[in-house]
Amino acid sequence: MSEESLRQDAGAQDARTGYGDTRAEPGEALPVYAERVLDVAELIPPGRVMTYGDVAEWLEEGGPRQVGRVMALYGGAVAWWRVVRADGVLLPGHEQRALGHYRAEGTPLKEASRAAEGHLPRLDMRRARWDGGERAEGHT
């Protein structure tokens, strides 16, 4: 699913701003796939995360790159820090903002060793990952 197909797939009522450099235009209709991705992101409870691939699997459509693209374009109005890379590395360029959210929500982290570049922690994916729990039934 390309950026162009995301933009052409008009089906939602509102546009949300992404966390990346590319922004949705005000009043621009949100593509159906993007709306579905954002709906899943809104279900993730505080202190838990889903990977881009988890979201795609939940939706039974697209893949990690498509979910990441949606989050970059439109994810700013949802808890974007809860949709993450599978390796637990914090979102490049947004590490400090995300880290603040993780610490406030009590998201499990693995502290970085002093040898790690930038000394930034990673998400403890084994403990932080959310599978949808009871809400997985009848998902979008």
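The values are calculated or read from the model by the stated rules, or taken from the named source; none is laboratory data. Computed from a prediction, not measured in an experiment: that's the story for all the values here. No Cβ is skipped: glycine too gets one built from the backbone with ideal geometry, and neighbour counts run over all protein chains shown. SASA here: full protein model, heavy atoms, side chains in, ligands and nucleic acids out. Shrake-Rupley method; radii C 1.70, N 1.55, O 1.52, S 1.80 Å.
Could you figure out which of (1) of a type outside the set (D, E, K, R); (2) under 15 Å from ARG126 (Cα atoms); (3) surrounded by fewer than 16 Cβ atoms within 10 Å (Cβ to Cβ) isn't true of GLY88?
Unmet condition: (3).
Could you grab me the full set of residues in region 75-103 that are over 10 Å from the mean Cα position of the chain (by Cα), part of a helix (DSSP H, G or I) and either more than 24 Å from GLU35 (Cβ to Cβ) or modelled with pLDDT of 95 or more (or both)?
GLU95, GLN96, ARG97, ALA98, LEU99, GLY100, HIS101, TYR102, ARG103
Any idea which of (1) surrounded by 15 or more Cβ atoms within 10 Å (Cβ to Cβ); (2) at pLDDT 95 or above is the one ALA29 doesn't satisfy?
Unmet for ALA29, out of (1) surrounded by 15 or more Cβ atoms within 10 Å (Cβ to Cβ); (2) at pLDDT 95 or above: (2).
What are the residues in region 117-140 that are closer than 17 Å to PRO46 by Cα, modelled with pLDDT of 65 or more and open to solvent by less than 60 Å² (accessible area, probe 1.4 Å), if any?
Residues satisfying the conditions are LEU123, ASP124, MET125, ALA128, TRP130, GLY132, GLY133.
Quickly run through region 45-74 and pick out the residues that are surrounded by fewer than 23 Cβ atoms within 10 Å (Cβ to Cβ), touching a Lys or Arg at 6+ places or on another chain (Cβ under 8 Å) and part of a helix (DSSP H, G or I).
Passing the criteria: TYR52, ASP54, LEU59.
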